[in-house]
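What follows is calculated from the coordinates using simple rules that are stated; it is not laboratory data. Keep in mind the model is a prediction, meaning the values are calculated, not measured. We place every Cβ from the backbone using ideal geometry, glycine too, and count neighbours over all the protein chains shown.
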Amino acid sequence: MASTGRDKVILAYSGGLDTSVMVPWIQEKYNLDVIAFTVDLGQGDDLERIRKKALRTGAVDAVTIDAKNLFVDYFVFPALMAGAVYESKYPLATALGRPLIAKLMVDAARRYGAKAVAHGCTGKGNDQVRFDVTFQTLAPDLKIIAPVREWKMNRPEALEYAAKHGIEVEATKESPYSLDLNLYGRSCEAGVLEDPWDEPPADAYGWTIAAENAPNSAQYVTIDFEAGKPVALDGVKMDGAPLILKLNEIGGAHGVGRIDHVENRLVGIKSREVYEAPAGVILHQAHQELETLCLSKQAARFKTHVAQEYADIIYNGLWFSAFHQDLFAFVASNQRYVTGQVRVKLFKGKSTVVGRKSEFSLYSKKLATYEHGDQFDHDAAKGFIRIWGLGQQTQATLQLLKGGKGFDLPGLSGPKEG
Ligand code: ARG
């Protein structure tokens, strides 16, 4: 790396127009040497091409890091174990990627002795929050530069700036949407998706086929979990990242994993986003279903609250918090018996769990059966019900039905007599 004696900045670099324009822009505006930093979270880009482009664009150095396994083992799987799905829809792929990218940028800043970090997020999204909060938590001394928040260039202006600075703009047609990808999901927003009434057009999707074009015969997949983590697909032991990539492929081919979500952003606006997360959808479904066997009623109930808090922590950029550590301690303990197998049927855009089993299953056929071998104590039911209903019976006699009153729901007039 050639030394210019200037201070350095680590720039989260994607190779696209905005982050490319940032390379000369930051040099000019802030008099800093730019080190382009690209993290591979399985987004499927050609990283060597991106690295070379960064150097041609004027970066003093360009680094790429393969963080796919880190991403899955330390971010995606904890979220899956926790059941974290934002607003019951979004499996959080983008939101999970940001704190990891930011953490790796901080590490790089330390290695290079950089004084600043920079990213290409806009001023109205969640991603800026996730980046900035992570930087300010892990490295409060680093200056944060977010050029898109500052420069107020529109697309034609950015193109003009690029032309002036000799930055190549890809000949391939740029997407009419704003996209973010990693192996856990594809996020697509803006363009015609901004009208929540309009059905997303076919070109909004990249990973899944339309349900109507999916094969006419179903496919079954089996997923093995150990203590809440997926460990095998169709009986084959696999690491997390390849398991997710494979399941994306299988699910996508059946049109599974499309999510159309009008979500509540942290910055106070509603936005319409189209997600694709075949593996995310299937794994959450399968995992939750295994929990129906392995968790007690109270543990499962309580966990739904934890899942919601966990999703909020991720969505709102608070990954590196003590509260997150506390919640994960609960999740890890809560998941210790969530081991077993789930069978999922994929057909025409839908995934359905059709079977589940576990060595720790709390399901007892002897207690559940209506057939021969029933061990449930039917006589005990009678006494149990008398005591269970005693409070309500007492209240009815002394309050609700006293003096021959009928039972009404406030505000609803029931059927009138006579
Ligand atoms: N709305 C999602 C989130 O906040 C995804 C944002 C990703 N960016 C995009 N250009 N679609 O996590």
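The long axis of helix 240-253 is offset from the longest Cα principal axis of the chain by roughly 80 degrees.
A full extension of the chain between residue 379 and residue 29 corresponds to an added length of 117.8 nm, given 0.36 nm per residue minus the alpha carbon distance. Between residue 239 and residue 6, the simple label model (points 7 Å from Cα in the Cβ direction) yields a spacing of 3.8 nm. Against the globular-protein guess of 2.2 N^0.38 Å, express the Cα radius of gyration of region 8-174 as a ratio, rounded to two decimals. Normalised Rg, Cα atoms only: 1.04. The stretch between residue 49 and residue 413, if pulled fully straight at 0.36 nm per residue, gains 124.0 nm over its current Cα-Cα span. How far, in degrees from 0 to 90, does helix 93-112 lean away from the longest principal axis of the Cα atoms of the chain, to the nearest 10? It works out to around 40 degrees. The charge dipole of region 321-407, taken about its Cα centre with unit charges on the Cβ atoms of Lys, Arg (+1), Asp and Glu (-1) only, comes to about 460 debye. Peptides 358-369, 66-77 ranked from most to least packed give 66-77, 358-369, packing being the mean of other C-beta atoms within 10 angstrom over each peptide's residues. Projected over every direction and averaged, the convex hull enclosing the alpha-carbon atoms of the chain yields 29.3 nm². With a threshold of 32 Å on the Cα-Cα distance, the over-threshold entries among 8/89; 68/270; 52/89; 68/124; 237/303 are 8/89; 52/89. Subtracting the Cα-Cα distance of residue 143 and residue 168 from their residue separation scaled by 0.36 nm leaves 6.2 nm. Relative to the longest principal axis of the Cα atoms of the chain, helix 278-294 runs at roughly 30 degrees. Computed from backbone phi with θ = phi - 60° and the Karplus coefficients 6.51, -1.76 and 1.60, the 3J(HN,Hα) list for region 382-389 is 4, x, 4, 5, 4, 6, 4, x Hz; x is used for glycine and proline. Extending 7 Å from Cα along the Cβ direction at residue 305 and again at residue 202 yields two label points whose distance is 4.8 nm. Under a model in which nothing but the beta-carbon of Lys, Arg (+1) and Asp, Glu (-1) is charged, region 252-331 shows a dipole of about 140 debye around its Cα centre.
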